[in-house]
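First up is the structure itself, then whatever we jot down about it.
The values are calculated or read from the model by the stated rules, or taken from the named source; none is laboratory data. From a predicted model like this one, the values you see are computed outputs, not experimental measurements. Heads up, the Cβs are rebuilt from the backbone with ideal geometry, glycines too, and the neighbour counts pull from every protein chain shown. Each accessible area value is taken on the protein alone, full model and side chains, heavy atoms only, with ligands, DNA and RNA left out. Shrake-Rupley method; radii C 1.70, N 1.55, O 1.52, S 1.80 Å.
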Amino acid sequence: MSEDPSSCPAPTNAEPTATRSTAPMWIVVTTLTLLFLGFVFFDKHSGWFDARIYAPYSSAEQLEAFQPKSGAAAAAAQGKKVYEAVCGICHGVDGLGKPGQAPPLAGSEWVLAKGINRLAHIPLAGVSGTLTVEGKEWNLNMAAMGAALPDGDLAAVLTYMRSAWGNKAGEVTADDIKKIRADIKGTQPMTGDQMKSMPE
Amino acid sequence: MKNGFAVFFAVIVALGGSWLGFVVAPAIQLGKAKQAVILNSTDTWPQQRTGEATLGLQIYRANGCAACHTEQIRQDGVAAEVTLTSLGKSKPEDLKAFVRSLFILPELATLTNDLAATLKDWKGDLPATILTTSDKAVADAFADRLKAAGAKSETRVVAIGADLPRWGVRRSVAADYLYDFPVQLGSLRVGPDLADVGARLSDANWQLLHLYAPKLSVTNSAMPSFKFLFDVRKIGSTPSPDALNLPPGFAPAAGYQVVPKLEAKELVAYLLSLRADAPLYEAPFSPITSAKP
């Protein structure tokens with residue numbers, strides 16, 4: 001073996017080969033920085049990955065601003081809430097009342113009266129004795145369930161009663177309740193006859 | 001293999017990355033989701049389905065309904081509407097003049113054209129929506145000014161988009177699917193979206209008729225008839241109380257009746273349980289309450 005392979009001239013039609021070289025550091029750093037900034041931008045415009053934030057909202061503040069907190073819808077919801085906690089126990093969440101215990105409110109002439117004077121007296125003063133509701137006589141003993149409620153809540157409850165279960169009557173305001181509350185003297189519940197002698 | 005370790009490492013990174021992103025991260029985010037609370041209420045959302053409706057989901061799945069129907073309502077934006085509910089002591093003309101005097105306010109600059117057009121058409125009837133804007137703060141400030149002028153108004157939040165309000169009142173959110181297994185999101189809309197179909201078409205009888213003969217309610221419907229969910233039976237001494245009331249052309253031969261099978265009833269129970277109509281914190285809107293007298 002006299003021939004030394006390294007001394008051979010390289011063949012002219014040899015396959016080209018690739019060599020390795022490390023990527024320049026500045027490209028790596030710039031790419032990572034751009035990626036990071038991109039993700040930050042993306043997160044910033046989608047509420048920082050909060051599970052409660054969906055498009056079209058882009059931040060918690062924006063979502064908070066669009067929460068409906070006032071108006072008739074909120075008042076009706078508040079009325080329903082208070083009704084179910086206080087009145088619904090006896091009068092039923094469907095407003096149909098309980099036989100022998102609480103008269104119905106759905107379609108009741110006391111609830112649907114033009115004025116709210118008599119209606120507001122019932123929860124503010126309480127009722128005892130006989131009262132005719134929808135042509136049926138009831139022997140009642142209702143405490144002043146609404147006396148402890150704030151004016152706004154009681155107004156919301158009465159408004160709810162007058163608009164729920166097919167009832168259609170006007171709205172009751174906190175000012176109405178304030179006036180009627182000031183009228184009530186003593187702590188005795190009113191009798192059915194007293195109720196009837198009052199203006200509507 | 002020359003670069004065995006590099007390939008192995010790349011596969012681990014690719015699969016592990018997608019597992020972290022598509023399985024672990026959503027599980028951390030929503031895996032412990034509980035019922036949501038409906039806005040301005042103590043009621044929770046959604047309610048667990050009845051047993052019949054839960055079985056109906058499997059009928060929905062077995063019949064491939066998700067191939068043509070989606071259960072996801074999209075929302076493109078949100079608007080705040082100021083609706084006048086009472087004028088107080090002022091006349092419509094006074095209020096119009098008052099609102100026109102507000103046109104110089106910078107926050108109303110982009111809305112003056114719409115406002116002027118609305119005021120021109122408004123004859124004083126109530127309730128009247130007079131301002132629609134995508135900025136809640138502007139709507140609130142406008143409502144405050146109306147209040148100062150003695151008029152009462154209500155600021156309503158309305159979800160808007162191509163799917164709304166024809167298929168729902170708000171977008172679908174994760175809470176809506178709490179009791180769906182498997183979730184029937186769907187990806188193609190040959191038929192309408194069904195995320196809120198229980199609220200839109202709440203008549204069980206309509207749903208049964210529609211499953212039996214889709215062309216009965218929509219003449220050019222592409223939906224196939226699901227006749228195999230129904231029995232065509234001979235009428236015995238008395239007709240079945242469940243029998244469909246079909247018009248001529250769809251009715252079976254005289255002396256026969258079409259009675260839904262258990263599967264059809266379960267499927268309809270499931271369809272009626274599909275609702276996305278409660279306002280939630282993550283998808284707020286002002287529900288339409290019963291009209292005031």
State all residues of region B:151-176 that are more than 30 Å from B:S90 (Cα to Cα), open to solvent by 30 Å² or more (accessible area, probe 1.4 Å) and within 13 Å of another protein chain (Cβ to nearest Cβ); if no residue qualifies, say none.
B:I160, B:A162, B:V169, B:R171, B:A174
Any idea which residue in region A:82-96 is nearest to A:D153 (Cα to Cα), counting only those that are more than 14 Å from every other protein chain (Cβ to nearest Cβ) and open to solvent by 20 Å² or more (accessible area, probe 1.4 Å)?
A:C87
Would you be able to tell me the number of residues in region B:45-70 that are of a type outside the set (F, W, Y), touching a helix residue (DSSP H, G or I) at 6+ places or on another chain (Cβ under 8 Å) and surrounded by 20 or more Cβ atoms within 10 Å (Cβ to Cβ)?
5
Could you say whether any residue in region A:30-38 is assigned to a helix (DSSP H, G or I), in contact with a Ser or Thr (Cβ under 6 Å, 6 or more places away or on another chain) and not charged (D, E, K, R)?
no
Scan region B:182-200 residue by residue and report those that are open to solvent by 40 Å² or more (accessible area, probe 1.4 Å) and either touching a Ser or Thr at 6+ places or on another chain (Cβ under 9 Å) or not in a loop (DSSP other than H, G, I, E, B) (or both).
B:L185, B:S187, B:L188, B:R189, B:P192, B:R200
Is it the case that some residue within region A:143-153 is within 21 Å of B:S41 (Cα to Cα), buried (at least 22 other Cβ atoms within 10 Å of the Cβ) and away from every other protein chain (no Cβ under 14 Å)?
yes
Of the residues B:T83, B:T129, which is within 14 Å of chain A (Cβ to nearest Cβ), without any contact (Cβ under 8 Å) to a residue 60 or more places away in the chain and open to solvent by less than 70 Å² (accessible area, probe 1.4 Å)?
B:T129
Tell me, which helices (runs of 4 or more DSSP H) lie completely within region B:1-74 with 1 or more residues that are within 21 Å of the chain's Cα centre (by Cα)?
B:51-62
Across region A:118-135, what is the number of residues that are surrounded by fewer than 21 Cβ atoms within 10 Å (Cβ to Cβ) and aliphatic (A, V, I, L, M)?
2
When you go through A:Q62, A:Q78 one by one, which is the residue that is within 14 Å of another protein chain (Cβ to nearest Cβ), open to solvent by 50 Å² or more (accessible area, probe 1.4 Å), of a type in the set (S, T, N, Q) and free of Cβ contacts under 8 Å to residues at least 60 places away in the same chain?
A:Q62
Which of the residues belonging to region B:98-126 are in a loop (DSSP other than H, G, I, E, B) and either exposed (fewer than 13 other Cβ atoms within 10 Å of the Cβ) or among the small types (G, A, S) (or both)?
B:K123, B:G124, B:D125
